[in-house]
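Okay, so here's the structure we're looking at.
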Amino acid sequence: QKFVYNFGSQTDGNATMRELLGGKGANLAEMASIGLPVPPGFTISTEVCTYFYDHDRTYPASLAEDVKQAIQSVAEQMGRGFGDAANPLLVSVRSGARDSMPGMMDTILNLGLNDETVEGLAKISGNPSFAWDCYRRFIQMYGDVVMGVEAANEESEDPFHVILEETKKAAGKAQDNELTEDELKELVVKYKALIARETGSEFPQDAYDQLWGAVGAVFGSWKNERAILYRQQYGIPAEWGTAVNVQAMVFGNAGNDSGTGVAFTRDPASGEKVFYGEYLTNAQGEDVVAGVRTPKAIAEMADELPENFADLEKVRARLEEHFKDMQDFEFTIEGGRLFILQTRNGKRTGLAAIRIAVEMNKEGLIDQKTALLMIPAESVDTLLVPVFDPEAQEAAKKICGGLPAGPGAATGRIAFTAAQAEIEARKGNKVILCRSETSPDDLKGMLHSQGILTTRGGVSSHAALVARQLGKVCVCGAGDITINYEKKTLVANGVTLKEGDYISINGTTGSVYEGLIESADSEVKRVLEGTLKAEESYTYQLFQTVMDWSDEFRTLRIRTNADTSAMAEQAVAFGAEGIGLCRTEHMFFEGSRIDDMRQMILAVDGVQRREALKKLLPMQRQDFVGLFRAMGDRPVTIRLLDPPLHEFLPHDDAVRRQLADKLGLPLEFVIDRIKALHEENPMLGCRGCRLGILYPEITEMQVQAVFEAVAEIKTNDGTEVNPEIMIPLVGFKAELADQLKVVRRVAEQVMKDKGVTIDYLVGTMVEVPRAAITADEIAEQAEFFSFGTNDLTQTTLGLSRDDMGLFYDEYQRKEIYSKNPFASLDKTGVGKLMQFAVANGKQTRPDLKLGICGEHAGDPSSIDFCHNLGLQYVSCSPPRVPIARLAAAQAAL
Ligand code: ADP
Ligand code: MG
Ligand code: MG
């Protein structure tokens, strides 16, 4: 079996082989074969990673020999020998998963150096301090990644870094590239001593030992904590594994005509078509990303290294033309020669994703379908979220500026560590994570924050990259700020802020403000509301273009879950085509209605109950009139009362007494009734259709309110409304039959009284497994099914959504649920039930109307599933309607 794939003079792979070679390996092969200057190397496939974990961290028997051959071929192409003391080949060992996971796994540079080969490198390069710089870098990386010498915790510095700083200080040098040969040699001695002290083992001298140590560490890093967390965040399966790339080193630290950098073919923050990136001269690898020295903007290269800059511009155009997407690429210049070390589709903000897709289509680079597929549906959200209120921002005190790295506005309490950010967030507070620079270990803290502020590092620093990807607001490289982790303070231009104080950052402009700034609606929302002209907002135009294209391609209808006319209006402005779920219980919580509701619940018999319901009827009718009016002739599904009744009753003694007084009932009686209604498991108790079966007068009142409202609209506005009455929590066809009779009787009565005819449907929510399993029977009665996937998930998994807290973290850590089943549909479990229900329901009633109204209806991957299931619509919360429109189009493409 083939485990090793070459790239260079002979190239075995290409860009389509991501699964096998990982994204980095596949694209290195692709670039090599289209003639871009890629240093030669080879990729050990992801299959080896799978084998590694299946076989107690060992390798297939043939691998050692294959690797040896491949590395000898690389050595030949470079005119060097691996481990050759006089003329050593150095390589990098790089991770590379199918989807890039920037900075999450490990990379080792300058491998092949030891006490002898470093002398050889010094001689052939004629530059001893360069050779020793490579050696000290190698020992540091190897010591950290392979031998596990690292900082004790997030507040302490990396021990290698501490030694480096001491050496620099003793030598009176500001930058690490100013150290002399002797100082570097001294550093090497200290590094080796540190490793021996910390691990009890010597730093290995044999090149092959080094290589296998590095390969094992890279495969091992697939299961490190931060990689696992990252996979959860992005739903990357643990089974994929990483590939390992071994590649000949080229040296950006070989002098001032050398350098290294990272560039994007367009601005990944705004999406604008400008060359974007940064570089450092006389530097290697991670220096740019790690924010060790502050890099220069790529534009400066036009003056400093004009020939290389011209080459780079050519590469920029070639990459976009070939890969048909914005590229994020890494390059190194060695002695005036340009090499490309990596390219991938660049991570970008939601705004940039949309702008790039639309503009690339206009430039003729891609068609509309491709453009739509290039936009993560979630990213539409970034155009809709609030920005700072302009006046509040004007009035706020600006304390300094930094680089705008993740657009948007964020305000929150200062946290200086990832752990503190998590603590604040768990308290329900908004957080801005403030660090000198971030490392992959900060990922968790970043997830918990509204925004990220760093004092060092450029727009391609780790903080910026991850923030853009997470859609977080980010200002980086705010150099005027000094953070003191010990004192837990942040000082900028005379202003001192403490942990827990409010700070505000504008990631679109890079400005940092003291205190809390109020936010305002996004441009898109303002245009939709008519307070901003469409011509004046390019953001809105982008949004509208994407929505127009989406509507052209999608076949799923998009409805919304709305209970009030205000919600309905917002949803319609966002493009909702109907209401898929109106939860009528929410209507009873407004104003003093709750008292009438309580009176109804406390009633001892039907007569009393009807009395109370009479008072509720006009209010409910009025609500429906408002809702129908907001929706025009769009379909509206109304769910009859669903929650257990005691949810409406007071728990507090004082409130109970008030209630008793108000209703003129003895307190004892009220307390007894509340006790009598108590349930051990209310969510599995007297709720849903069980309520209406027990108290048919509730169903009567609700249906009467709906139909009278429809009649009123019909007569007054001349609008045709076709209500859809939905019975919740049905598991037996007899339950539905019982309620159906009530609905039809009352509907007939109202139509007769008002002298109108109304077309309506009666259907059910499918939200318990029994309904799905007996769908053929249920469909005899139901004219539509709406999958209530929140409850269906709870009842199928036997898991209360509100009681996951105790074990959910552990489940995540062990990757037991690949995604939160309440956020993204459990396709293999709940999805199977849905599939079964669709097929069997349709057998009974071929024109059965099908939709989904659970939380999942706003989740792109669940929408894709619903599309394939053949549902007619999804119904999500109003703010998610635009996302659903795009996701539905993507599902259809
Ligand atoms: P990551 O996936 O974290 O970006 P990489 O494998 O891309 O890790 O390595 C990080 C950096 O190391 C690269 O950006 C590049 O600058 C440097 N690097 C990797 N391989 C080589 C090489 N063969 N020659 C020179 N520099 C290299
Ligand atoms: Mg990289
Ligand atoms: Mg339900």
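The values are calculated or read from the model by the stated rules, or taken from the named source; none is laboratory data. A quick note: this is a predicted structure, and the numbers were derived from the prediction, not measured. Reconstructed Cβ throughout: ideal geometry from the backbone, glycine too, with neighbour counts over all protein chains shown.
If a residue must be closer than 23 Å to Ser824 by Cβ, outside any helix (DSSP H, G or I) and among the aliphatic types (A, V, I, L, M), how many such residues does the range 757-797 contain? Residues in the range 757-797 being closer than 23 Å to Ser824 by Cβ, outside any helix (DSSP H, G or I) and among the aliphatic types (A, V, I, L, M): 3 in total.
Filtering Ala823, Ala857 for residues that are assigned by TED's automatic domain parsing to the domain that holds Thr793, surrounded by fewer than 16 Cβ atoms within 10 Å (Cβ to Cβ), under 20 Å from the mean Cα position of the chain (by Cα) and under 25 Å from Ala562 (Cβ atoms) leaves a single hit, Ala823. Quick check, is Met619 out of contact with any Cys (no Cβ under 6 Å at 6 or more places or on another chain), among the hydrophobic types (A, V, I, L, M, F, W, C) and free of Cβ contacts under 8 Å to residues at least 40 places away in the same chain? So Met619 passes the test.
The condition of being of a type outside the set (Phe, Trp, Tyr), over 26 Å from Arg456 (Cα atoms) and crowded, with 19+ Cβ neighbours inside 10 Å holds for only one of Asn308, Asn282, that being Asn308.
A Cβ distance below 9 Å, combined with a sequence gap of six or more or placement on separate chains, defines the contacts here; from the range 84-108, residues that are on the phi > 0 side of the Ramachandran plot reach residues that are of a type in the set (Ser, Thr, Tyr) and in a loop (DSSP other than H, G, I, E, B) in the pairs Gly103/Ser439. Inside the range 405-436, residues that are buried (at least 23 other Cβ atoms within 10 Å of the Cβ) and among the aliphatic types (A, V, I, L, M) make up a count of 9.
Being at positive phi and more than 30 Å from the chain's Cα centre (by Cα) holds for only one residue in Asn493, Asn484, and it is Asn493. Just one of the listed residues (Ile816, Ile773) is touching a residue at least 12 places away in the same chain (Cβ under 8 Å) and not small (Gly, Ala, Ser), namely Ile773.
Look through Gly755, Gly788 and report the one residue that is under 21 Å from Ile693 (Cα atoms) and either within 16 Å of ligand 2 (Cβ to nearest atom) or in the same structural domain as Phe836 (by TED's automatic domain parsing) (or both). Steps first, answer last, please.
Values: Gly755 fails: under 21 Å from Ile693 (Cα atoms).
One residue alone meets the criteria, Gly788.
In the set (1) touching a residue at least 24 places away in the same chain (Cβ under 8 Å); (2) surrounded by 19 or more Cβ atoms within 10 Å (Cβ to Cβ), Tyr51 fails one condition alone, (1).
Answer yes or no as to whether Val572 is of a type in the set (A, V, I, L, M), buried (at least 21 other Cβ atoms within 10 Å of the Cβ) and at pLDDT 95 or above. The answer is yes for Val572. Filtering the range 285-303 for residues that are more than 22 Å from the chain's Cα centre (by Cα), surrounded by 18 or more Cβ atoms within 10 Å (Cβ to Cβ) and of a type in the set (Ser, Thr, Tyr) leaves an empty set.
Among the residues of the range 192-204, some residue qualifies, meaning at least one is at pLDDT 95 or above and within 25 Å of Asn282 (Cβ to Cβ). Scanning the range 77-108 for residues that are outside any helix (DSSP H, G or I), crowded, with 17+ Cβ neighbours inside 10 Å and aliphatic (A, V, I, L, M) yields Leu89, Leu90, Val91, Val93, Ala97, Met101, Met104, Met105, Ile108.
Applying the criterion of at least 3 residues that are farther than 22 Å from Leu384 by Cα to the helices (runs of 4 or more DSSP H) found wholly in the range 799-893 leaves 805-813, 830-844, 860-869. Can you report the number of residues in the range 145-180 which are among the charged types (D, E, K, R), in contact (Cβ under 8 Å) with a residue 12 or more places away in the chain, within 23 Å of Thr294 (Cβ to Cβ) and surrounded by fewer than 20 Cβ atoms within 10 Å (Cβ to Cβ)? Here the count works out to 2.
Given the criterion closer than 30 Å to Gly798 by Cα, under 45 Å from the mean Cα position of the chain (by Cα) and at pLDDT 95 or above, identify the matching residue among Leu684, Leu736.
Leu736
Every listed requirement among (1) surrounded by fewer than 23 Cβ atoms within 10 Å (Cβ to Cβ); (2) aliphatic (A, V, I, L, M); (3) within 14 Å of ligand 1 (Cβ to nearest atom) is met by Val74 save one, (1).
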